[in-house]
Amino acid sequence: MNTHVNSDFTPDALVIGAGIAGLQSALDLADQGLQVLLVERQPSIGGHMIALSKVYPTLDCASCITTPKMSAAAHHPNITILTNTEVEGIETRDEVHHVRLLQKPTYVNFDKCIGCRLCEYACDTEYPDPFEEGLGSVKAIAVPFTNAIPQKAVLNAEVCGTCGSCARVCPTGAIEYDQQPRRLMIRTDAVIVASGFNLNALTVKPQYNAQRSRNIISPLMLERLLAPHGPYGRVLRPSDGKMPSSIAFVQCAGSRDESIGVSYCSRVCCMYAIKQAMLLSGALPLADITIYYMDIRAFGKGYEQFYQNAKAMGINFVRGKVARINPVEDGDLSLHVETTEDAENPLQERRHDLVVLAQGMIPGWQPSATTPVTCSANGFVAAPTLTAPTATTAPGIFVAGTAAGPKDIVDTIAEAGAAAMQASQYLYQKRSAILVG
Amino acid sequence: MSTNDKLNSQEHSQEDEFPCEERGCDEEARTWQKAAHAQLRGNPTEEAGAGAPLRIGIYICRCGGNISDVVDVERVAETVRLIPGVTTAKVHTFVCSDPGQHMISNDILQENLDRVVVASCTPFLHEQTFRGAVARGGMNPYLYEHVNIREQASWAHKHDPEGATAKAIRMIAGAVGKLRFAQPLEQIKLPNHRRALVIGGGIAGMKAAADLAARGIKVMLVETAQKLGGKLNQWGRVYPSERPAAVLVAELAERIQQDPNVEVLLGANVTEVSGFIGNFKVAIELQGSSTSTPSRKDATVGAIIMATGFRPYVPRDGEFLYRAEPCVLTMPEFIRFFQGLSGGAKQIIFNNRSIRRIAFLHCVGSRQLDGVHEPGADGRLNTYCSRTCCTTILQQALAVRERFPGVEVLDFHQDIRTYGSGEENYYIEASKAGVLFFRYDGSEPPTVQPTSSSRIKEGALTVAVKDVLTWGQELEVPVDMVVLGTGMVAGQIGDLIDQIKLATGEDGFLQEVHPKLRPVEVAVNGVLLAGTAQGPMNIAETLAAAGAAAAKAASMFAREDVELNPYVAQVDPTRCCGEAECVTQCSYEGALKIVEMQLDDEVIRRAEVNAGLCVGCGACVAVCPHRAIDLNGWRLDQYEAMVDGIAADLPSTACASELVNIH
């Protein structure tokens, strides 16, 4: 894997973000013979997808789909990868994009680190593991996760006590406590923005009281709980480690809601809730599982059948908007819900011992302040062209995946291919013009 | 000393060779070892004096837990390590991950492995991944065997861990047997015709053609109609931009018509397709027109993009009174009618009737349920969601309310699926504009009946629904017009499906290899999918899918040659007598033929394989009376060794651990 980059490196294209969209775009460009610099702000490539359990509608394990793409990108002769690197801004002059990069210190010399993890074993300081959504803990110096790329240790300076144990055990002398941030300016002809999404806060709706109970969890936490190699190896609720017996999925808990400024649909929550419900019913065969929803949006290929299968499996689908969630005794939660099912008793209180809030998808990065790219009112990168959905307002800069709006993996991968095609024809046209001129 | 060295040096001594006997191990273990040793002796590599005995590496994947939750992978490793010739057997959480792959390539270099087995998921998913890892270790990638112990062991025998473990061991033993006789193979390289055929001139086909042409790749675009644009030619404004569909069509059409790399054939049909990736031979029939006579055109192309689109669902006669009542329209019919209203119209007049109330019905021909809906003429239920109808209905409902505020609009739905960018706004705006929503359960769809004479003034048709929003009240609403939100069904592409050997899903649409790993590819290499030929999509999604297909084609054309798997038949000319049994049995036109060749003074006849056309089915192997033809990578001796490996008795674990100590 090539990770050596200086400012004199001028790749044909620079891809921002190495989640599934960025990986696919980079691969589709590199396969066409173009040199790509793939930039990721996290210590590993793989994005959100590598942390998922299984993916709908095929129920393939997410790792089985993501790792080969990660590996293909890492081994591709035309792809260079910079992790721990942020894009500070882009200036376009004479149709050349000058991309300012900030390589954050990892305090580990990647040329020397062999990924042996001796530092990790020697380290005494632990903090909540971001890869496990805070459900497990990780050492202050560690390889980010089992199938991370690169397999290099990264030190978290915010929690490190600089005791020196890692440096003492490192067989190659790779630990560098005095590493400094490094700034780079990369010139390139084409950029693909694949900066992905974040979820809005669990506490975005105060009436759901997520700050008052650890048993109100995010869907990404549940992904980790369901992953075969997850933090506990099974599904346990965070507050007391009890196996949940009655789980509620509260849909549209951060989308389709003008009161929190997210009026759009996040597009994936219905399907992942159904998938998680199915996986839960496998992991906890005796548990009751209820999905509270407004509309079930199972629109993709094979999705409706997936939904019908879930209904046949006995998962409860309750059409009703959850108005309020209150913590009650034993760590349980009481849901106030108005349903359309019982005419006599439309307002109900229902008790569950674990609640999953379908948070809304919001942009993972705001490029409009520091780049020529403009965003639409909802904050996602605007794609104004009718016939090229991956073009942005800036010539030579393209967008793929959830950076342009909520999207599932299948649609993201298609769009990533389209963005790569758009970028490659832009480069071809530009260079043919130069050759002719 | 490796197992093999030991075996070779001890062959004279029965006791030493089968140490189990001495130590009182069970009979099973002995026979298993005997069989394995017999295989080893038959190893052609050694017979040929190729030197060192085999060094096989076996990698067993936990697949996170998908495999190891059922199969005792440690025991599998411990057991298969004992098979003669096996140098190493390791377990990893995700062999497909980078560290997993690195382990393989590293072991090849460090331990001089010359054969590799990975026991994991399906070869479909990761055979290529591991071939790559093996190649990076400097080994011939065809000395690799993939064993699927996930689908075939852990998932199939979830409730029998012991059985699943035993099966996994046997499967690996089979692969090891097959590998003993494996020979290094090279990919077949054939010239790549750098031109794409795009079938279908709708937006998907136009977009794919425009993208490829702009990348400098020649494209032949074939459209049945006399005009580009496909279904979009019948559309009004497109959501969410609300720009006229005609603008979109014109923009794309202009791009391809101005690009010298695109040859557009209108009024044309692809009638014949043969060949393979990089070298497809196609025949196109051009319909005659006033200025030309019907003609035929032949071409060679490297890739084929299927942009054959969808058909709008056409309700059965009488379905919601369609074709029985004039005021029941499908969505395309309504859009044409509504667009055709004159700009100054103050009211909607249809069929001499003033339309004051319109009902829009969702999911007509989509989300059909067994026992609720009648299957179509092809016996098929459309169980899928057509993805675009909800937003289209709300767009049209809103347009009616905005243009004719006096007309009431009723919406009958199961779920409102305005999922896409800007689509939810149609729902919000339609609600604000006073569209009245009714909701039904999928198992109790609304019905349409003629209105009883007493209420006929309120509307000629009555929609009856059990409305979920009012806790199941049974409502009857007279309306003047019913618009059926008809969905998408698979396009009819005739015998192209058979000619190209395309797979279709249960929904009738063309089936991709894998929705995430290879979303625009089909099982036939070099054939790609663009747009609604694959399944319902909206315009933005169609354009993205077409771009993705173009990207795949462009990647393919970036290489000088096309590379094909070497699993093709090979003739042993010393055994072949030119009897042509194989040619008679071969179902692939041109894959096998008899050629005459000069041998000394004699002209002899021998079978010859066209590697590009041979699919490696093996029909020829089965009929050859002289065993003169065999399949590279799947030779008969490999099959025999594989079966022997599977059938050999397994040692018990107790015995196995002893064997570890001995070797």
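Suppose each label sits 7 Å from its Cα in the direction of the beta carbon; what would the B:Glu402-A:Ile114 distance come out to in nanometres?
About 6.8 nm separates the two model spin labels.
What fraction of the DSSP beta bridges in chain B is antiparallel, stated in percent and rounded to the nearest 5?
50
Taking chain A as a Gaussian network, where each spring joins two C-alpha atoms under 10 Å apart, which residue of A:Thr374, A:Thr83, A:Thr385 fluctuates the most?
Among A:Thr374, A:Thr83, A:Thr385, the largest GNM mean-square fluctuation belongs to A:Thr385.
Which links in A:Lys321/B:Lys158; B:Lys346/B:Lys457; B:Lys90/B:Lys178; B:Lys189/B:Lys593; A:Lys54/B:Lys501 stretch past 27 Å when you go from one Cα to the other?
Going by Cα-Cα distance, A:Lys321/B:Lys158; A:Lys54/B:Lys501 fall outside the 27 Å limit.
For A:Lys104, A:Lys139, what's the largest-to-smallest order of accessible area, 1.4 Å probe?
A:Lys104, A:Lys139
Protein chains only, probe 1.4 Å: how do B:Thr308, A:Thr67 rank by accessible area, largest first?
Most to least solvent-accessible, the answer reads B:Thr308, A:Thr67.
Where the only charges are on Cβ atoms (+1 Lys, Arg; -1 Asp, Glu), what is the dipole of the protein assembly as shown about its Cα centre, to the nearest 20 debye?
2960
With N set to the residue count of the protein assembly as shown, report its C-alpha Rg divided by 2.2 N^0.38 Å to two decimal places.
Rg over 2.2 N^0.38 Å, computed on Cα atoms: 1.01.
What number, in percent, do you get for the relative contact order of chain B if the mean sequence gap of Cα pairs under 8 Å and at least 6 apart is divided by its residue count?
Computed value for chain B: 15 percent relative contact order.
Rounded to the nearest 500, what is chain B's calculated 222 nm mean residue ellipticity when only DSSP H runs of at least 4 contribute -39500 (n - 2.57) each, over all residues?
Calculated from helices alone, the mean residue ellipticity at 222 nm is -9500 deg cm²/dmol.
Would you mind checking segment B:596-611 for residues with the amide N under 18 Å from a putative spin-label position 7 Å along Cα→C-beta of B:Gln585?
Residues B:606-610 qualify, since their backbone N sits under 18 Å from the label point.
Each label point is 7 Å from the Cα along the Cα-to-Cβ direction; what then is the distance between the points at B:Asp298 and A:Arg183, in nm?
With each label placed 7 Å out from Cα toward Cβ, I get 6.6 nm.
Compare A:His48, A:His229, A:His97 in a GNM of chain A, Cα atoms joined below 10 Å, and give the one with the largest fluctuation.
Taking springs between Cα atoms under 10 Å, the residue moving most is A:His229.
Taking R0 as 45 Å, what FRET efficiency do you get between A:Thr3 and B:Thr122 from their Cβ-Cβ distance, rounded to the nearest 0.05?
Once rounded, the FRET efficiency stands at 0.90.
List the GluC sites (Glu not before Pro) within segment B:533-603 that DSSP assigns to loop and that have no more than 11 neighbouring Cβ atoms inside 10 Å.
Answer in residue order: B:Glu560, B:Glu589.
In square nanometres and to one decimal, what's the mean projected area of the convex hull around the Cα atoms of segment A:67-173?
For segment A:67-173, the mean projected area of the Cα convex hull comes to 8.7 nm².
So what is Rg over Rh here for segment A:200-361, counting just Cα atoms and using Kirkwood for Rh?
Rounded to two decimals, Rg/Rh equals 0.93.
Just to verify a number: FRET efficiency for B:Asn140 and A:Ala433, C-beta to C-beta distance, R0 = 41 Å, to 0.05?
Rounded to the nearest 0.05, the efficiency is 0.40.
Note down, for segment A:111-180, the three equivalent ellipsoid semi-axes (square root of 5 times each alpha carbon gyration tensor eigenvalue), biggest first, whole angstrom.
Ellipsoid semi-axes (Å, largest first): 18, 14, 10.
Angle check, please: helix B:245-258 long axis (alpha carbons) against the longest principal axis of chain B (alpha carbons), in degrees 0 to 90, nearest 10.
It is inclined by approximately 50 degrees.
Taking a spot 7 Å from the Cα of A:Arg100 along the direction of its beta carbon, which residues of segment A:3-20 have an amide N less than 18 Å from it?
A:7-8, A:16
Could you give the accessible area per residue of chain B, probe 1.4 Å, as a whole number in Å²?
Each residue of chain B exposes 41 Å² on average to a 1.4 Å probe.
Mind checking the full-extension length gain between B:Cys577 and B:Val247? Use 0.36 nm per residue of separation minus the Cα-Cα distance, one decimal, nm.
This chain segment gains 112.2 nm when fully extended.
Out of A:Glu133, A:Glu344, A:Glu88, any idea which swings most in a Gaussian network model of chain A, alpha carbons joined below 10 Å?
Looking only at A:Glu133, A:Glu344, A:Glu88, the biggest GNM fluctuation is shown by A:Glu344.
Taking the Cα centroid of segment A:85-144 and of segment B:630-649, what is the distance between the two, rounded to the nearest whole Å?
49
Can you give the accessible area of A:Met243 in Å² (nearest 10), computed on protein heavy atoms with a 1.4 Å probe?
100
Holding the Cα-Cα limit at 28 Å, pick out from A:Lys311/B:Lys552; A:Lys139/A:Lys275; A:Lys69/A:Lys104 the pairs that are longer than that.
A:Lys311/B:Lys552; A:Lys139/A:Lys275
With the cut-off at 1.5 for a/c, could you classify segment B:313-487 from its C-alpha gyration tensor as rounded, prolate or oblate?
Rounded is the answer for segment B:313-487, as its axis ratio a/c remains below 1.5.
Assign one of three labels to chain A, namely rounded, prolate or oblate, based on the Cα gyration tensor with a ≥ b ≥ c the square roots of its eigenvalues; rounded applies when a/c is under 1.5, prolate when it is not and a/b is larger than b/c, and oblate otherwise.
oblate
Tell me, what is the percent relative contact order of segment A:117-196, built from C-alpha pairs under 8 Å that lie six or more residues apart?
26
Report, in whole Å, the centroid distance computed from the Cα atoms of segment B:537-607 and segment A:42-74.
Taking the Cα centre of segment A:42-74 as reference, the centre of segment B:537-607 is 34 Å away.
In whole angstrom, note down how far apart the Cα centers of segment A:228-302 and segment B:368-418 are.
So the separation of the two Cα centres works out to 27 Å.
Which FRET efficiency, nearest 0.05, do B:Ala503 and B:Ala377 yield, Cβ-Cβ r, R0 25 Å?
Taking R0 as 25 Å, the efficiency between B:Ala503 and B:Ala377 is 0.70.
Quick one: which residues, 5 or more positions from A:Phe398 or on another chain, have an amide H under 5 Å from its amide H? H modelled 1.01 Å from N in the peptide plane, none for Pro or chain starts.
Answer set, sorted by chain and number: A:Val191, A:Ile192, A:Val193.
For chain B, what size does the Cα cloud have along each of its three principal axes, sorted from largest down, in whole Å?
Rounded to whole Å, the extents work out to 105, 68, 40 Å.
Take every Cα pair under 8 Å in chain A that's 6+ residues apart, average their separations, divide by the length, and report that relative contact order as a whole percent.
18
Taking all pairs of distinct Cα atoms, average 1/r, flip it, and tell me the Kirkwood hydrodynamic radius of segment B:583-626 in Å to one decimal place.
11.5
Whose amide H sits under 5 Å from the amide H of A:Leu199, counting only residues 5 or more places off or on another chain, with H placed in the peptide plane?
Sorted by chain and number, the residues that satisfy this are A:Ile362.
Using the Cβ atoms and a cut-off under 10 Å, what net charge is assigned to the surroundings of B:Thr383, where Lys and Arg are +1 and Asp and Glu are -1?
Around B:Thr383, the surrounding residues sum to -2.
The values are calculated or read from the model by the stated rules, or taken from the named source; none is laboratory data. The shown structure was predicted, so the numbers you read here are calculated from the model rather than taken from an experiment. Heads up, the Cβs are rebuilt from the backbone with ideal geometry, glycines too, and the neighbour counts pull from every protein chain shown. Heads up: the accessible areas ignore ligands, DNA and RNA and are worked out on the full protein's heavy atoms, side chains in. Shrake-Rupley method; radii C 1.70, N 1.55, O 1.52, S 1.80 Å.
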